Structure formats: C-alpha cells, structure tokens
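The values are calculated or read from the model by the stated rules, or taken from the named source; none is laboratory data. Everything numeric here is computed off the predicted structure, so don't read it as measured data. Every residue, glycine as well, gets a Cβ built from its backbone with ideal geometry; the counts of neighbours run over all protein chains shown.
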Amino acid sequence: MSESREPSVSPHVSEANALLRAELPFDDERDFEDARRGRIEGLEPALVEATDGRIAWDLGAYSFLDSACPETANPSAWRQAQLNAIGGLFEVGEGIYQVRGQDISNMTIVEGGTGVLVIDPLISAECAAAALRLYREHRGARPVTGLLYTHTHVDHFGGARGVVDPEDLAAGRIPVLAPQHFLEHAVSENVFAGLAMARRAEYMFGAPLEPGPAGQIGAGIGMRNSTGSVTLIPPNLEITHTGQVEIVDGIELRFQLTPGTEAPAEMNFLLPDRGALCIAENATHNLHNLLTLRGAPVRDPLAWSHFLDESIELFCGESEVMFAGHHWPRWERERIVDMLGKQRDLYRYLHDQTLRLLNQGHVAEEVGELLELPPQLASEWHCRGHYGSVNHNAKAIYQRYLGAFDGNPAHLWRHPPEPAARRYIEYMGGAEAVLERAEGAFEEGDFRWVAEVVSHVVFSDPDNREARELEARALEQLAYGAENATWRNFFLMGAKELREGVVSAVSPIAAGADLIAHLETPKLLDAIALRLDGPRAAEHELRMVWSFPDVGERFLLRVGNGVLTHKPLREGGEDPADIAATLIVDRAAFDELVGGRAELPELVEAGRLRIEGEGEVLLTFFGLLDNLDPAFPIVMP
Ligand SMILES: [Zn+2]
C-alpha cells in the first residue's frame, strides 16, 4: 500500500498554475451549463459491481472535485475533471438521451418506434447494463431494437452484451451497425503489441492511482476506464459509404465515413428528424491524440481535418445539437459550426506547422517546444491539451513523416538506457555529485531536468533510494503543473513505482474471450508467432498441420530459421508430405487455451485436442513459446 504523504508544491509550480489561471477564460461557464443541461438524475449509487464482485466503476470516488482547485493540480486540468465528473442521465434532444460518467465514454440512447437504438455501449457489460437501467427507470422498459458502434475502440463496444437480449440477437432481430472494417480493426488493434500497450495504458490512465486532489483526477477524455467484463457482438450491418441512409426502428440515420481519423474505422451521422449530429470521437472537448501515449500507430491529422470540414458541409445546416462518445453535447447551429471549424483548423495547424518546422531542420523535441497554437485556438477550451497535447502531437507528426531517428549520426547507434546511464554517471563524477546538483535544479524549479538527469542515476543503480525519491519528487511537481491529465497520470505513476516498485495489475491475456473468438485464425497464428523464442527456435525445423474442424480450417505450420510461418490448406485435401504431427482441435477449445481459460493437458484429457503423429513435435513447439509477463518496469531498469 502507498504510504500517505503530505504533498508539497513548489512555488515554481504554483506560479505557473497561477499564470495559466490568469490567461484562460475561466469566467466562461458555458461548458458547465452544457454539461448540466437536460440532467434528469445523477447516478445513485455511482458504483457498479462487476460479476466477480470487484468494483467495476465508482464515480463517487471523485466527489472531491466539488471543491476549488487545490495547489496540487493545474487549474485547467481541474476544470476538465470537474466537467467530466458531471454524470447521470441527460436528455440531449427530442427522444435522445445520454448516460454520462458511468464509464470513461458516453452511452447514447435514441428512442425509436418500438424500442431504443443504443449508441456506443461503454467498455464493460456491467456498466452498460447499469446505464440502461438508469434510462429505463425514467423512460420505461423499452426494448433495445438496435445497436451502433461509432468506431473500433473498446470504450465504444465492450459493454454490448450488457444491453442486448441474447435471444433477440440470436434470432437476428437486432441490427448492429458499424463502419466498414470494424471487426478487423476492433479485434486486431491490440493483438500484436497488446501487452506493452496495456502496461503503458496503466501509466496513461493511472489505473493503479488513487483518485484524489494530489492523485488521479481523470484522464481528460473522461475519468478512467471501467474494469468489468469486456464483450463484443459483431456488427451485422456495415456502413460502407458516406451518404448511406439506414432506418432503424423508424429512426433515420444519415452517415459519413471517416476512416483514418481518431480510429482506423469510424463514422459520424445525422439524425435528420431530430436535428442532431453524432460526431463520434472526431470532435471532443479537448485536443485529441495523434499518438496516444499508451502507444499506437500515428494518426493522420490531415485526414482528420478534412473529414471535419466535410462534416460541416454535410450536416451543419440541419444540426441543432451535436453529441459525441465523450464529454458533453453542444447546442445551437452557430456554436456547432464554430466548434467544428476550430477543431478542423486545430489538426490542420499542427500538421502544417510541424512540417514547416521540420523542413527547416528542427527535430521532434524542438518542434514540440516551438509549436504553439494561435491565440484564437489556444483560448478555446475544446482545443486545450487535456488528452492530446501540442507537444506530443507535434512529435507524433514528425514521427509519422520522418520516424524516430532525428538524422544526427551521434544518435544513430546510442547505448541503451542502462549502459548509457552507467557511463553518464561515471563521467559526471558519480551518483552523489549528480544528486547534489540535481537538488539545486529542483530548488530552481527545473523539474524536467531533474527527472532526466536523476533517471540516469536510477538506471545506473536502481537500489539508490535517494535518487529514486528525488526523481519521484520531481515527477510529482511535473504532475501538479500538468494541464494534460494523461501526462499527470504518467508522472504520478512514475513517482509511485519509483517509491513502491512495479504496481502493475496487467494480465498476460490482453484480450477477452469475445475478442479472441472474432480474431481470424491466420491473425491468431500470427499472434502466436510473436511468442516464439527466435534464438531457441532457430535450432529446430518443424512441420505440422493444425486442423480446426468446427470452422473447417486447416493450416500448414512451419518453424524454420527461427520463425513460424503458416499457410492455409484446402479443406478435405491430402496432408503435405514430411508432416511430423497433426493437431486437431476446435477453434472454440483452442480459443480457451489462448485465452488462458484451459490448459493443454486438460484439453487432451477431455479429448478436445488430439494429436496424430509425433506428439513430441508439438511439445517441442509449445516449449519454444515465451511466457510473457507484462508487469515489466518502465521508470526503472
Ligand atoms: Zn473513446
């Protein structure tokens, strides 16, 4: 457990926070009015229990946000957290309701002729079910007659099974709408680098951090991720083009596809009868991420900007209210056009100016430091860097075009962090000398430098408690000054792990049963190939057939030169020559094995997995796979 410590805030941080308070339009209360508008009831209790008894969600833990901004928080970050903590059931427009603050994302409910269309059913089934219950308490037990996912991120589909009656689903009575290529991206986004992303996401969202004035105050886009059961119901009605119109339970929906914006597959749509625009996650009340800090491929700011411009053209003439998958709605046509126009220019400005600067020879760190938004964007609350930031988005754009290497040959073949740290510290006269000077830098308020330099001490000697504490103190000050909630979480997580060691709760199985079940078999085999211990595997030459009778798929697998390759075989065809063994298993049983819900001997025992030929070949193969432990250190070696 973490010991409680009295936070002390450096005067340098207080000063910077005061300066920002004077600069930004805190008198403008319109976001608070919008965030409270149409509120029918709060969440009582604001707590959701998961099926296994754990707490999946607790908005009540954030009641401390009712007070004025403390010294331990950036005032703009605090304001955003206060807005995000306004939860409950809201009437957004004619027959349109939202449950907000019941997860990191919003669930929107549109009333149709006989039931309701549910848009974006949160991350977990328990939270989505609680949200639907709250709606039904006030609007009656209307059945769910349609489901819609705006895009491929888990906070917009994971709770699907919490709102849909399985019988209705099995009978094909419920249309499930999503942008084309939804399933492919939804299940594959986190497969290859999933464990590292999950571990980094702990730093980004601060899951192990306690909420509190000196602790976690949200994630900018919402408070935090719920921790219930993640599910996936695949779509059965794909939106393939802009201009497509669908009618679900009497509700007309007019779509705009926006691939390659905030998500690889995403869509906005207009409800023309209600004068309402759903802008998915393409325009929210903060600067979004072009490169999310948990790690992902860099997003395309130019496409993002282009599609927002198209949204204005297509929809704004008919939109009286605009709502999204996060944050609060915005009303009035002129205010909607104004916001979309500025969001469009925001991503375009970052893109064009980053390229202008990098074409002048500036490297990523310099571009991040040089780039500032023009005043008319910087003074808009919805352009502020609560989730994305100008600094890390600029570096992301640099990376998108030029990569991580800055072109300086001195940086082409650097030593890795540990050996470099040992050399730095030796050159700098030893750890004690470094810490003494770093204490001076701390007093002067140069916390960025303290963190950088003392991190070398920690990487040269992780047992140096004094160094760990000094770095932790510097990271804490950076957190108290950070406008960006995900930066704050990174800094606070670093401080926590420097003091307590790794506190990760990441599971080695990154994907839930539903997600694994919808992964195509070749992708699943690719994911298994990533666990092959190359150097050991290079000593073997294996050829096997893996057969999955329930889905009618067979594959030739070959281990050679340290890699696993596979190719599909014709169903019912002859096995290729030189096959040492054949593994026969239903996909369903194999998924249990991959998902950690069954062990190999157990499946063999139950006759659910059979081996023909030389069984040792398969044992050898499974013996060459790594057991992954995602609880790796980040802030220490
Ligand atoms: Zn989202």
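For this structure, a couple of remarks:
- Pairs linking a residue in segment 47-64 that is more than 16 Å from P208 (Cβ to Cβ) to a residue that is modelled with pLDDT under 85 and exposed (fewer than 14 other Cβ atoms within 10 Å of the Cβ), with Cβ atoms under 7 Å and 6 or more positions apart or on different chains, are G60/P45.
- Residue check: G218 meets all listed conditions (1) farther than 27 Å from N489 by Cβ; (2) in contact with a helix residue (DSSP H, G or I) (Cβ under 8 Å, 6 or more places away or on another chain); (3) not in a helix (DSSP H, G or I); (4) not acidic (D, E) but one, namely (1).
- Any hit, segment 44-64, residues being modelled with pLDDT under 95 and in contact with a Phe, Trp or Tyr (Cβ under 6 Å, 6 or more places away or on another chain): yes
- Against the numbered list (1) surrounded by 24 or more Cβ atoms within 10 Å (Cβ to Cβ); (2) part of a helix (DSSP H, G or I); (3) in contact with a strand residue (DSSP E or B) (Cβ under 9 Å, 6 or more places away or on another chain), C316 comes up short only at (1).
- From the options L253, L346, L302, residue that is more than 16 Å from the ligand (Cβ to nearest atom), closer than 26 Å to N84 by Cβ and either more than 15 Å from the chain's Cα centre (by Cα) or assigned to a strand (DSSP E or B) (or both): L346
- When residues of segment 87-124 are limited to those that are in a loop (DSSP other than H, G, I, E, B), in contact with a strand residue (DSSP E or B) (Cβ under 7 Å, 6 or more places away or on another chain) and of a type in the set (S, T, Y), the one farthest from the ligand (Cβ to nearest atom): T114
- Among all positions in segment 490-507, there is at least one residue which is in contact with a Gly (Cβ under 7 Å, 6 or more places away or on another chain), outside any loop (DSSP other than H, G, I, E, B) and crowded, with 20+ Cβ neighbours inside 10 Å.
- Every listed requirement among (1) closer than 30 Å to L628 by Cβ; (2) surrounded by fewer than 23 Cβ atoms within 10 Å (Cβ to Cβ); (3) of a type in the set (A, V, I, L, M); (4) in contact (Cβ under 8 Å) with a residue 40 or more places away in the chain is met by A420 save one, (4).
- On the stretch given as segment 84-113, residues that are touching an Asp or Glu at 6+ places or on another chain (Cβ under 6 Å) and touching a residue at least 60 places away in the same chain (Cβ under 8 Å) total 5.
- Put simply, of A631, A588, A577 the only residue that is under 32 Å from the mean Cα position of the chain (by Cα), of a type in the set (A, V, I, L, M, F, W, C) and farther than 27 Å from A196 by Cβ is A588.
- In summary, D446 fulfils each of the numbered conditions (1) out of contact with any His (no Cβ under 9 Å at 6 or more places or on another chain); (2) of a type in the set (D, E); (3) closer than 23 Å to P75 by Cβ; (4) free of Cβ contacts under 8 Å to residues at least 40 places away in the same chain with the single exception of condition (1).
- Residue selected from segment 216-232 under the condition modelled with pLDDT under 95 and among the hydrophobic types (A, V, I, L, M, F, W, C), by the criterion farthest from the ligand (Cβ to nearest atom): L232
- Breaking point among (1) touching a strand residue (DSSP E or B) at 6+ places or on another chain (Cβ under 6 Å); (2) not in a strand (DSSP E or B), for E539: (1)
- Note on segment 157-187: among residues that are more than 16 Å from the ligand (Cβ to nearest atom) and in contact with a helix residue (DSSP H, G or I) (Cβ under 6 Å, 6 or more places away or on another chain), the one that is nearest to G494 (Cα to Cα) is V187.
- Residue in segment 19-42 that is at pLDDT below 95 and not in a loop (DSSP other than H, G, I, E, B) present: yes
- Out of V191, V154, sole residue that is within 16 Å of the ligand (Cβ to nearest atom), surrounded by fewer than 24 Cβ atoms within 10 Å (Cβ to Cβ) and either over 19 Å from the mean Cα position of the chain (by Cα) or in contact (Cβ under 8 Å) with a residue 24 or more places away in the chain (or both): V154
- Residue check: D463 meets all listed conditions (1) surrounded by 15 or more Cβ atoms within 10 Å (Cβ to Cβ); (2) part of a loop (DSSP other than H, G, I, E, B) but one, namely (1).
Table: residues versus (1) at pLDDT below 95; (2) in a helix (DSSP H, G or I); (3) closer than 14 Å to P637 by Cβ; (4) touching a helix residue (DSSP H, G or I) at 6+ places or on another chain (Cβ under 7 Å).
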site	(1), (2), (3), (4)
V454	no, yes, yes, yes
F459	no, yes, yes, yes
L470	no, yes, no, yes
A474	no, yes, no, yes
Y480	no, yes, no, yes
W487	no, yes, no, no
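- Failed condition for R356, given (1) surrounded by fewer than 18 Cβ atoms within 10 Å (Cβ to Cβ); (2) under 28 Å from N489 (Cβ atoms): (2)
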